There are 8 protein chains.
Amino acid sequence: MAQVAIVMGSKSDWPTMQKAALMLRELGVSYQAKVVSAHRTPNLLVEFAESAAEQGVQVIIAGAGGAAHLPGMIAAHTHLPVFGCPVRSSQLNGLDSLLSIVQMPKGVAVGTLAIGEAGAANAGLLAAQVIALQEPKVRDAIIAFRKKQTDTVMKNQTLELDV
Amino acid sequence: MAQVAIVMGSKSDWPTMQKAALMLRELGVSYQAKVVSAHRTPNLLVEFAESAAEQGVQVIIAGAGGAAHLPGMIAAHTHLPVFGCPVRSSQLNGLDSLLSIVQMPKGVAVGTLAIGEAGAANAGLLAAQVIALQEPKVRDAIIAFRKKQTDTVMKNQTLELDV
Amino acid sequence: MAQVAIVMGSKSDWPTMQKAALMLRELGVSYQAKVVSAHRTPNLLVEFAESAAEQGVQVIIAGAGGAAHLPGMIAAHTHLPVFGCPVRSSQLNGLDSLLSIVQMPKGVAVGTLAIGEAGAANAGLLAAQVIALQEPKVRDAIIAFRKKQTDTVMKNQTLELDV
Amino acid sequence: MAQVAIVMGSKSDWPTMQKAALMLRELGVSYQAKVVSAHRTPNLLVEFAESAAEQGVQVIIAGAGGAAHLPGMIAAHTHLPVFGCPVRSSQLNGLDSLLSIVQMPKGVAVGTLAIGEAGAANAGLLAAQVIALQEPKVRDAIIAFRKKQTDTVMKNQTLELDV
Amino acid sequence: MAQVAIVMGSKSDWPTMQKAALMLRELGVSYQAKVVSAHRTPNLLVEFAESAAEQGVQVIIAGAGGAAHLPGMIAAHTHLPVFGCPVRSSQLNGLDSLLSIVQMPKGVAVGTLAIGEAGAANAGLLAAQVIALQEPKVRDAIIAFRKKQTDTVMKNQTLELDV
Amino acid sequence: MAQVAIVMGSKSDWPTMQKAALMLRELGVSYQAKVVSAHRTPNLLVEFAESAAEQGVQVIIAGAGGAAHLPGMIAAHTHLPVFGCPVRSSQLNGLDSLLSIVQMPKGVAVGTLAIGEAGAANAGLLAAQVIALQEPKVRDAIIAFRKKQTDTVMKNQTLELDV
Amino acid sequence: MAQVAIVMGSKSDWPTMQKAALMLRELGVSYQAKVVSAHRTPNLLVEFAESAAEQGVQVIIAGAGGAAHLPGMIAAHTHLPVFGCPVRSSQLNGLDSLLSIVQMPKGVAVGTLAIGEAGAANAGLLAAQVIALQEPKVRDAIIAFRKKQTDTVMKNQTLELDV
Amino acid sequence: MAQVAIVMGSKSDWPTMQKAALMLRELGVSYQAKVVSAHRTPNLLVEFAESAAEQGVQVIIAGAGGAAHLPGMIAAHTHLPVFGCPVRSSQLNGLDSLLSIVQMPKGVAVGTLAIGEAGAANAGLLAAQVIALQEPKVRDAIIAFRKKQTDTVMKNQTLELDV
């Protein structure tokens, strides 16, 4: 079974949410991805969230836009850590998605990442950081990823005026 | 069975949400009120929403604050009309509650009222307006309520300078 | 006479508001659509709103953008339930439309849907949910629509990485 | 008949709106003040707005809060200049009032002032500035008021540290 | 001398601000338009604003974007009525322009119109409404413009589904 | 060494951040709490973050307000999972804190909780959920906490009208 | 003559703006403070700003609230560096003040600090940082102030649970 | 060594930040530009900021977007004046960048400029205004630049209607 489950409210969220998948793949963490809509497949949501732990999932990443209820509702049905990704909405630029995900009441937690692709990639990274607490290989992959990232910035210092 | 069910995410929402109850009582519509938390009692939510129609409920009013998932999740589990009340949150003045409730995706609808007590009272009024389509007595009560309201404004025209 | 009246502040709102019409058509609810501008045809607004009930209209859907006064002003002139659709404005992305529609004072209610096309479609759905309280055929159509929607999500689970 | 009419959506707006009255009194412009609710007395609104010009009113000041439709709806029924005052709302600090008043569509104008008491006072001042185009006495009063205001700032220059 | 002066902070505001000019032309009100930058030509601003009244100008329309100081600073230097137009800014959609113009302190007033072209056109209309208090011909032109506008809405009622 | 480190930008954040400590204590997770200011003790920040992993810390909770740089900067110096708590700021209600914490660029992740005390408590809960992946005792404590929370809602259903 | 001039739009801004004065005093930089209102004393503004440089002022700190035009207008009349302090407004919490000050167009710059007292204190600090480029004594005072600040955080690490 | 250092969080910020460089070049101030990421190269940040003063840098300009921690963190490691440029973010239009930079706590100051290119250019101008306190040649260049800017506005007064 996959270590991380990535779920999203709509297939149209996949271009954003696949950044989480790509990050996990890069860091050597197994994942599965599926569409689970809080509003259109509420029973699937319950079934998915309640069975995730016993299926071996360790972390759940959930992305949604607008009145984004998916991450919080999944968190309500599991004791696994849940990370939420606000997908950019077409009207309010994702501010609605962000507030719908992050402003959870005391007692049910969602660790929320940035709006859009950067946040989705970071959800994958954060999930890997959790997995890394138990898997030295993943921890080493994260350290290597971060070092490569630092090196890339260091090597690209040429800045030339356009005019 | 009551014609209108009023649910809210927390007992602390009742001072706001009872304005819906008071309006329904004034207009002669029966109601029941209970706490159903999307995050803390998610199974109760499903059970409540899925059985409401067969128990004779005709309209559901749902109030919640912050990452307010209750109205939308109830709407996902019923074909009854659902009206949502954004309860004022302590941090963002209810803007988070409003956006979490109103920005529903296509296919699951929540008719959203104003933030706070005015919105809760109006949820009661709107539910009564729906009931009134079948009950002339309620329709007459609404017309009378609105007339009284107009008269009150008309009779209170004295405006005196404070200084 | 049509069961649902769809009005909007400007012909330019029709591409958005026709999503309400399409939803009603799909659910077997009759409708009529017209332009009624709160600011440019205020007398037509009064005439329309005051005569709607006796012409057999049961629910009114009103869409407008910017300083969107149409839904609230119609609600002020009728006891029928009114659902408001904030049309996306060119400057503030519809936040102005949303707040102008939803923040009604106690005593005159507008059930407000999401900004833009999703909200317009849901206004049609919510109006049908109200009609369905009296028409089992519409209720069945809604249940079927929701089931189809669920099935569509369930059948579209293939998510492939772009890279 | 009064030169300026001050109207407001609710008697609770008077503590704010009387600042307009006080300014007009200070500048020697006659006014009348009354409550006209767009939502609770919509017919009074039409009657008031349509008869104002022939009753000798030259400028209308309209204040309202929340989904503030009063200024725009009055402007829709008259060719007189209308100035709008966003009254501070209890939930969103008057941002809803401001956007509901200022974002009027092309063809019906409302000159909008600041949220709250400063804006109400300035609505009185602006109305007087319009009246002053025809009445030299009012123009002189404005110039004197502005001079006094400047002098007050100039004379209060002592700034002492609190600590 | 022109009855209305239209000033703007930058030549790039002219595509927006010319809507004010077009409206004034349509209503038979004379105008002049020029660039006066609060920040880049502050002395020109003072000179312009202090001499406007004696040159016969009756109303000033001022448009600016971003930290939009032009309308308020002009109002600080004249007793003529000043109407402010928030030009859409490239970053914050004109919300910065709007707040910079409308939130004037007590004692110096700017009647503010909507963000962008609709607001600029309405500034022209509102200026004409002020001029109309003294010129019956302009009043008649406004009434005719408003009637034509109403007729246009009434005649364009055909709404056809796109699908 | 403690399993969870709680750091905050200022001692004034402790009334908020102690909610995280209380939650961890309730769930049987060891913690240490200290003040580490990104701006006033930047070297302490580096030292703390770089040594946390080897000192046995597994999760870091960081709270800050305003231009809240602490969580992101700590995340930049460690491969441990970091959860961020936006402390309510006195001016913008914590919206600045929230955006400063959550909008991290790709490559350095902070799982962000709600503004204020609810978010701090949930940071403790989320940290425990991560620890629980390795410690069945903590997992059982979480399940028990959640069950108790559900029971509390279920048992407090009496809602009485105030009037 | 003072090295730094502190000006503010209203005497009511002094409780906020004196934090700049206190910081300058602590760092050994001379200052003068006065009220200069952009809107109520526009000529004083011009006179002050145009003469500041030749009177020996090196840095200007300007604070204002609402439609805060003072910092930008002063910057338009001088080549000295100008730092702006958004004073908290009673309606929009200083968001209007902030945007009015910071969103200056290209060509006239205002270095803007945080809303309220923290920003005012930092304006004093930043002004001192500029003066310090020429005065080693001020530079040493800043380094000492910063060190003391660091030490204060380091020494106050006791955090005790309230419960 | 250069008088002004321009740093930015990512090479993608350079199209914006080079406006600062161009302004400095125009005003005869020497500069160096490099990428220093608060999150991806945190040690480089410390090294850069701590050594800047002794390398002869007098002013630091720092630009970043989203959770923009660079300007504030640099300010935490130096006593030189730091000016911050909020780079427009793809999601929230730079409002997140602005608040992350400007809302610094008391004791560490960042003088913040407008979002985007205008702000970057003005950061260059403001840095030059600081340098000019010691270099009359730069002061003269600024006065000339400002005069040219004024002249450009004065010479471009032809405004022709598009229609």
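If you take the residues of region G:136-161 that are more than 9 Å from chain H (Cβ to nearest Cβ) and under 13 Å from G:G28 (Cα atoms), which of them is surrounded by the most Cβ atoms within 10 Å (Cβ to Cβ)? Give the derivation first.
Start the filter on region G:136-161 by keeping residues that are more than 9 Å from chain H (Cβ to nearest Cβ), which leaves G:136-138, G:140-141, G:144, G:147-148, G:150-161.
Filter once more, so that each one left must be under 13 Å from G:G28 (Cα atoms): G:136-138, G:140-141, G:144.
Working: G:P136: 9, G:K137: 12, G:V138: 22, G:D140: 14, G:A141: 19, G:A144: 12.
Filtering region G:136-161 for residues that are more than 9 Å from chain H (Cβ to nearest Cβ) and under 13 Å from G:G28 (Cα atoms), the one surrounded by the most Cβ atoms within 10 Å (Cβ to Cβ) comes out as G:V138.
Would you call H:S12 surrounded by fewer than 23 Cβ atoms within 10 Å (Cβ to Cβ), closer than 13 Å to H:I60 by Cα and more than 9 Å from chain F (Cβ to nearest Cβ)? Give the derivation first.
On the way: surrounded by fewer than 23 Cβ atoms within 10 Å (Cβ to Cβ): yes; closer than 13 Å to H:I60 by Cα: no; more than 9 Å from chain F (Cβ to nearest Cβ): yes.
Criteria not met by H:S12.
Search region F:57-72 for residues that are surrounded by fewer than 24 Cβ atoms within 10 Å (Cβ to Cβ) and pair each with any residue that is assigned to a strand (DSSP E or B) when their beta-carbon atoms are under 6 Å apart and the residues are at least 6 apart or on different chains.
Between residues of region F:57-72 that are surrounded by fewer than 24 Cβ atoms within 10 Å (Cβ to Cβ) and residues that are assigned to a strand (DSSP E or B), the close pairs are F:V57/F:A5.
Scan (1) away from chain A (no Cβ under 14 Å); (2) surrounded by fewer than 24 Cβ atoms within 10 Å (Cβ to Cβ); (3) touching a Lys or Arg at 6+ places or on another chain (Cβ under 9 Å); (4) not in a loop (DSSP other than H, G, I, E, B) for the single condition F:S51 breaks and write down its number.
Going through the list (1) away from chain A (no Cβ under 14 Å); (2) surrounded by fewer than 24 Cβ atoms within 10 Å (Cβ to Cβ); (3) touching a Lys or Arg at 6+ places or on another chain (Cβ under 9 Å); (4) not in a loop (DSSP other than H, G, I, E, B), F:S51 breaks only (3).
Does G:I115 meet the test of being farther than 30 Å from H:Q149 by Cβ and either without any contact (Cβ under 8 Å) to a residue 40 or more places away in the chain or surrounded by 23 or more Cβ atoms within 10 Å (Cβ to Cβ) (or both)?
Details: farther than 30 Å from H:Q149 by Cβ: no; either without any contact (Cβ under 8 Å) to a residue 40 or more places away in the chain or surrounded by 23 or more Cβ atoms within 10 Å (Cβ to Cβ) (or both): yes.
Answer is no for this residue.
From D:A53, D:A62, grab the single residue that is under 22 Å from C:V108 (Cβ atoms), small (G, A, S) and modelled with pLDDT of 95 or more. Full working, then the answer.
Numbers: D:A53 fails: under 22 Å from C:V108 (Cβ atoms).
It is D:A62.
Given the residues C:L125, C:L133, which is the only one that is closer than 21 Å to B:G107 by Cβ, facing chain B (nearest Cβ under 7 Å), surrounded by fewer than 22 Cβ atoms within 10 Å (Cβ to Cβ) and not polar (S, T, N, Q)?
Working: C:L125 fails: surrounded by fewer than 22 Cβ atoms within 10 Å (Cβ to Cβ).
Among C:L125, C:L133, only C:L133 is closer than 21 Å to B:G107 by Cβ, facing chain B (nearest Cβ under 7 Å), surrounded by fewer than 22 Cβ atoms within 10 Å (Cβ to Cβ) and not polar (S, T, N, Q).
Given the options C:A20, C:A38, C:A49, C:A67, name the one that is closer than 20 Å to B:F83 by Cβ and either in contact with a helix residue (DSSP H, G or I) (Cβ under 8 Å, 6 or more places away or on another chain) or β-branched (V, I, T) (or both). Talk me through it step by step, then tell me what you get.
Working: C:A38 fails: closer than 20 Å to B:F83 by Cβ; C:A49 fails: closer than 20 Å to B:F83 by Cβ; C:A67 fails: closer than 20 Å to B:F83 by Cβ.
One residue alone meets the criteria, C:A20.
I need the full set of residues from region C:12-29 which are touching a strand residue (DSSP E or B) at 6+ places or on another chain (Cβ under 7 Å) and of a type outside the set (V, I, T), in order please. Full working, then the answer.
Quick first cut of region C:12-29, residues touching a strand residue (DSSP E or B) at 6+ places or on another chain (Cβ under 7 Å) only: C:13-14, C:16-17, C:20-21, C:24, C:29.
Across region C:12-29, the qualifying residues are C:D13, C:W14, C:M17, C:A20, C:A21, C:L24.
Within region B:18-45, track down each residue that is within 20 Å of A:H69 (Cβ to Cβ), crowded, with 21+ Cβ neighbours inside 10 Å and not small (G, A, S).
Just the residues of region B:18-45 that are within 20 Å of A:H69 (Cβ to Cβ), to begin with: B:35-45.
Still in the running and crowded, with 21+ Cβ neighbours inside 10 Å: B:35-42, B:45.
If the condition is that a residue be within 20 Å of A:H69 (Cβ to Cβ), crowded, with 21+ Cβ neighbours inside 10 Å and not small (G, A, S), then B:V35, B:V36, B:H39, B:R40, B:T41, B:P42, B:L45 are the ones that fit.
Here is a check on your reading of the model: is C:L45 under 20 Å from C:A121 (Cα atoms), at pLDDT 95 or above and either of a type in the set (A, V, I, L, M) or not in a helix (DSSP H, G or I) (or both)? Let's see the steps before the verdict.
Numbers: under 20 Å from C:A121 (Cα atoms): no; at pLDDT 95 or above: yes; either of a type in the set (A, V, I, L, M) or not in a helix (DSSP H, G or I) (or both): yes.
The answer is no for C:L45.
Just checking, does region B:57-76 include any residue being part of a helix (DSSP H, G or I), more than 17 Å from the chain's Cα centre (by Cα), more than 12 Å from chain C (Cβ to nearest Cβ) and more than 18 Å from B:A20 (Cβ to Cβ)?
no
The values are calculated or read from the model by the stated rules, or taken from the named source; none is laboratory data. None of these values were measured; they are calculated from a predicted model. Glycine also receives a Cβ, built like all others from the backbone with ideal geometry; neighbour counts cover every protein chain displayed.
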